[in-house]
Amino acid sequence: MNRFAPLAVAPILMLAACGNGGADTSSAPAAAPAKPARVLSDAEKATLLASLPAPYNEGDLENGRRAFARCRSCHTIGEGGPDMAGPNLYGVFGRKAGERPRYSYSNAMRTADFTWDAEKLDHWLQNPRTFLPGNKMTFPGLPDDKDRRDVIAFLKVETGYQAEPAPAPAS
Ligand code: HEC
């Protein structure tokens, strides 16, 4: 028990490094207005979750995180995260499909003319192939309704989704 200060605290951060050198942010021409990095506390996540429209306000974030494990091999979600096989998903809600700068989308996705919201994502995740024929996301889909609800709630909370401002109190 008489040891000197233990130096065994090697950074465990490497656990998080899932390959892929991030050739991402370095030369970014700052196309989008710079938003401050925003990391929500658990309490803020709970508040945001509760503010989502039904049924997402009842989403189970833990189950959503588990379901998202099936997406992680191809997608990062953190702000400024790298594109992998699929594009980084930060800020995806409210963004037009196929619009992430510098990511090389399929023609089908690049020319798709819609904006991602929960409903679109729900259909996409149910069956990517039939939702948008010709896209290149080789993912069979999440057949379970609850998994889709939860992964969408999880994504809303983790990808910088801004809740609609509450209507101003009429007074
Ligand atoms: C095998 C790799 C892979 C997996 C697994 C995968 N994706 Fe994708 N995803 C892609 C690719 C590739 C694209 C781009 C599709 C294209 O350009 O046609 C994409 C596109 C998307 C888009 C559209 C993004 C945009 O900018 O328009 C969303 C949203 C998305 N994926 C969500 C998910 C979610 C959620 C999961 C897990 C439930 C998932 N993906 C699983 C590869 C994957």
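Couple of notes before you dig in:
- Helices (runs of 4 or more DSSP H) (entirely within the range 89-171) containing at least 3 residues that are over 27 Å from Lys45 (Cα atoms) and within 11 Å of the ligand (Cβ to nearest atom): 107-110, 128-131
- Ser73 being surrounded by fewer than 16 Cβ atoms within 10 Å (Cβ to Cβ), under 19 Å from Arg148 (Cβ atoms) and within 13 Å of the ligand (Cβ to nearest atom): yes
- Filter result for Tyr90 (hydroxyl-bearing (Ser, Thr, Tyr), over 21 Å from Arg149 (Cβ atoms) and surrounded by 18 or more Cβ atoms within 10 Å (Cβ to Cβ)): no
This table checks each residue for (1) closer than 21 Å to Asn63 by Cβ; (2) more than 12 Å from the chain's Cα centre (by Cα).
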| site | (1), (2) |
| --- | --- |
| Glu79 | no, no |
| Ala112 | no, yes |
| His123 | yes, yes |
| Pro143 | yes, yes |
| Asp147 | yes, yes |
| Asp150 | yes, yes |
| Gln162 | no, yes |
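- Matching residues, the range 45-59, being within 15 Å of the ligand (Cβ to nearest atom) and part of a loop (DSSP other than H, G, I, E, B): Gly59
- Some residue of the range 105-121 being on the phi < 0 side of the Ramachandran plot and touching a residue at least 60 places away in the same chain (Cβ under 8 Å): yes
FYI, it's all coordinate maths here, none of it is from the lab. Owing to the predicted nature of the structure, the values given are computational and were not obtained by experimental measurement. Ideal geometry is used to build each Cβ from the backbone, glycine not excepted, and the neighbour counts take in all protein chains shown.
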